[in-house]
Amino acid sequence: MEEISLRECIEVLLRGKWIIAIVSAISILLSVVYAQFMMKPVYSAKATLMVSPVVAKAAEDEQNRFSELVDSLSRYPQMTLDTYKEQVLTLSVLDTVIEALNLDEAYGIDRVLLKNMVEVELPEKTNLIYVGAKHADPQLAAEIANTLSQKYVDFISDKIQYQTGRSAEFIARQPNLEKENVDKTTAALTAFLARPRGVSELRQELSSKLSQLTGFKTNVTQVQINMEATDAALERARQALKTTPDTLKTTKSLVSDTIREQKALESAGVQSNGIEGLQMTDEQLNPAYTSLLLNVKNYEIQLARHKTQLHSLQREIEMRQREIEQLQAELAEKENEYRTLSYEVNLAKQTRDAYQQKLKEANIKQSAEIGKSSVIMVAEALPPLYPTNSKMLIVAIAGILGLMVSGFAVFFKEYWEKPAYS
């Protein structure tokens, strides 16, 4: 590919300087003729609107959040600044402007022409809306901008006022309906509380059963301690009984016992000196053995009583546990029903109170005509003194275009006349 240096470019432009001068001069001359005799001046007027949408306050507690929910059912849809901007050029607003200024008959301006003449701007980080209008007549441009702005303010005000009225009508019907709901739910709760074996009664009965169960378990522990002590004492008594003889044997001389001696002499028919060498063996119960045996029997009886008492306590504990489980199930069911009924009563009351509050607010909004304060005109458009389409700008643009076209023509001529190389 052949490269062209800057010097060669300048030489090409210098060789075609007359072409560039002639074409540029013709472009400038034509633009001057157009700007002076053919171009109509266009004037732009701009009015300023300020949007002040009502923003709902954030809920701080449960009641406020519920009230906010009720309010959302009747609130006019909250609009952003872009929504406000897009509504400026609605057909109904344009029609009212055409009718107010008689634009269709006096100037032949219909909806399409008017919409093309109007420009709506939304400055960043502000709540302002600029409504501008362009026309050859500066006074008419200002009137269009001001009339469009005012008609738009009336349009928004009417819309919000209409919605506020509908909201008031809707809310006015709700308190009576909610009062019936409150009476119905309250009657259901009252009937539930009047039924036997209510929540309070079941709680008291459950508390009593739990106390009894605790007492039985305490008695079981004490009986087990007594059983261990009795069993240990019984074992000691049995061991002692094994080493203690049940009878005691004694040997005595007959002479030492006068009564026995007399009976022996009488039965033998002999003299006392004849039985001096005779002895008698005596066997009798051991008092210590008898006492130990009695203790063993007593300990066995006590141990049997403890076992019987323990078995009875365990049966009572099982019965109380079954009763407690049944009471807990019944109490849980009653408490759940009570919570449900109480919630329905509170919900109905909150709904009724919220609608009553919103009815007051709707009446205040309606009487105060709050819609008129949502969009206001802060600055009217004034008839402009200078047109927006400057004649010098047209001439300058034409001159620049002439230089560009002529320069391209010179380079094309140089390329076309240059011989081709193989």
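The values are calculated or read from the model by the stated rules, or taken from the named source; none is laboratory data. It should be emphasised that the depicted structure is a prediction, and the values quoted were computed from it without experimental measurement. Please note: Cβ atoms are built from the backbone with ideal geometry, for glycine as well, and neighbour counts cover all protein chains shown.
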Take the conditions at pLDDT 85 or above, in the same structural domain as Gln150 (by TED's automatic domain parsing), out of contact with any Ser or Thr (no Cβ under 7 Å at 6 or more places or on another chain) and surrounded by 12 or more Cβ atoms within 10 Å (Cβ to Cβ) and apply them to Pro383. Does it pass? yes
Flag if Thr164 is crowded, with 18+ Cβ neighbours inside 10 Å, on the phi < 0 side of the Ramachandran plot and touching a Leu at 6+ places or on another chain (Cβ under 8 Å): no
The residue from Tyr152, Tyr130 that alone is in the same structural domain as Thr83 (by TED's automatic domain parsing), within 16 Å of Thr83 (Cβ to Cβ) and in contact (Cβ under 8 Å) with a residue 40 or more places away in the chain is Tyr152
What pairs can you find where one residue is in the range 315-334 and in the same structural domain as Ser207 (by TED's automatic domain parsing) and buried (at least 16 other Cβ atoms within 10 Å of the Cβ), the other is not in a helix (DSSP H, G or I) and not hydroxyl-bearing (Ser, Thr, Tyr), and their Cβ atoms are less than 9 Å apart, with a gap of 6+ or different chains? Lys334/Arg195; Lys334/Arg197; Lys334/Gly198
Filter the range 194-206 down to residues that are touching a helix residue (DSSP H, G or I) at 6+ places or on another chain (Cβ under 8 Å) and free of Cβ contacts under 8 Å to residues at least 60 places away in the same chain, then give me how many there are. 0
If Val199 passes every condition in (1) of a type in the set (A, V, I, L, M, F, W, C); (2) closer than 30 Å to Ile317 by Cα; (3) over 33 Å from the mean Cα position of the chain (by Cα) but one, which one does it miss? (3)
Given the conditions (1) loosely packed, with under 15 Cβ neighbours inside 10 Å; (2) without any contact (Cβ under 8 Å) to a residue 40 or more places away in the chain; (3) not assigned by TED's automatic domain parsing to the domain that holds Glu323, every one holds for Leu140 apart from (1)
Just to be sure, is Ile394 at pLDDT 80 or above, under 30 Å from Lys46 (Cα atoms), out of contact with any Asp or Glu (no Cβ under 6 Å at 6 or more places or on another chain) and not assigned by TED's automatic domain parsing to the domain that holds Val12? no
Need a quick list: helices (runs of 4 or more DSSP H) entirely within the range 1-112 having at least 1 residues that are within 30 Å of Phe408 (Cβ to Cβ) and at pLDDT below 80. 6-15, 17-33
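Residues checked against (1) touching a residue at least 60 places away in the same chain (Cβ under 8 Å); (2) not assigned by TED's automatic domain parsing to the domain that holds Glu316:
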{"position": "Thr186", "(1), (2)": "yes, yes"}
{"position": "Ser208", "(1), (2)": "no, no"}
{"position": "Lys217", "(1), (2)": "yes, no"}
{"position": "Ala240", "(1), (2)": "no, no"}
Suppose we filter the range 98-119 for residues that are within 18 Å of Met377 (Cα to Cα) and either among the polar types (S, T, N, Q) or surrounded by 18 or more Cβ atoms within 10 Å (Cβ to Cβ) (or both); how many remain? 1
Being more than 27 Å from Glu316 (Cβ to Cβ) and surrounded by 11 or more Cβ atoms within 10 Å (Cβ to Cβ): is that true of Lys184 here? yes
